[in-house]
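Peer 1: The structure is given below, and queries will be raised subsequently.
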Amino acid sequence: MARRREFLNIAGLCEELGISRDTFYKWRAKGTAPRCTKLPNGELRICRDDLEMWLDTCKEAA
C-alpha cells in the first residue's frame, strides 16, 4: 500500500520549528523557506518530506 503524504499548514510548521508566522513569511520572501504547495483556495501547505529535505540543507558542520 502506498504511503500517504503528510502536509503541514503554516501554523503547524511554525509550531514545529518554534518560529513566528512573520519569520516564515520573511524566509518565503527571501526564497529560503521550505517548498510550499499553494492550494486552489490560496492556502499554503508544506509536505513533510520537503520539510525534512529542507532541514537537512540547514545543517552545519561542527
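Peer 1: In region 16-28, what residues are touching a Leu at 6+ places or on another chain (Cβ under 9 Å) and either part of a loop (DSSP other than H, G, I, E, B) or farther than 16 Å from residue 52 by Cβ (or both)?
Peer 2: Of everything in region 16-28, those that are touching a Leu at 6+ places or on another chain (Cβ under 9 Å) and either part of a loop (DSSP other than H, G, I, E, B) or farther than 16 Å from residue 52 by Cβ (or both) turn out to be 19, 23, 24, 28.
Peer 1: Here is a follow-up. Hey, can you tell me all the residues within region 24-44 that are of a type outside the set (Gly, Ala, Ser), under 20 Å from residue 59 (Cβ atoms) and within 12 Å of the chain's Cα centre (by Cα)?
Peer 2: Correct list: 24, 27, 32, 34, 35.
Peer 1: Determine whether residue 2 is assigned to a helix (DSSP H, G or I), surrounded by fewer than 11 Cβ atoms within 10 Å (Cβ to Cβ) and out of contact with any Pro (no Cβ under 7 Å at 6 or more places or on another chain).
Peer 2: no
Peer 1: Checking residue 16 against (1) on the phi < 0 side of the Ramachandran plot; (2) loosely packed, with under 10 Cβ neighbours inside 10 Å; (3) not hydrophobic (A, V, I, L, M, F, W, C), only one condition comes out false. Which one?
Peer 2: (2)
Peer 1: Of all residues in region 29-55, which are without any contact (Cβ under 8 Å) to a residue 40 or more places away in the chain, surrounded by 13 or more Cβ atoms within 10 Å (Cβ to Cβ), outside any loop (DSSP other than H, G, I, E, B) and not basic (Lys, Arg)?
Peer 2: Result: 44, 46, 50, 54.
Read-outs: derived from the displayed coordinates by stated rules, not from any lab. Since we're looking at a predicted model, the values are computed, not measured. When we count neighbours, we look across all protein chains shown, and the Cβ atoms used for this are built from the backbone with ideal geometry, even at glycine.
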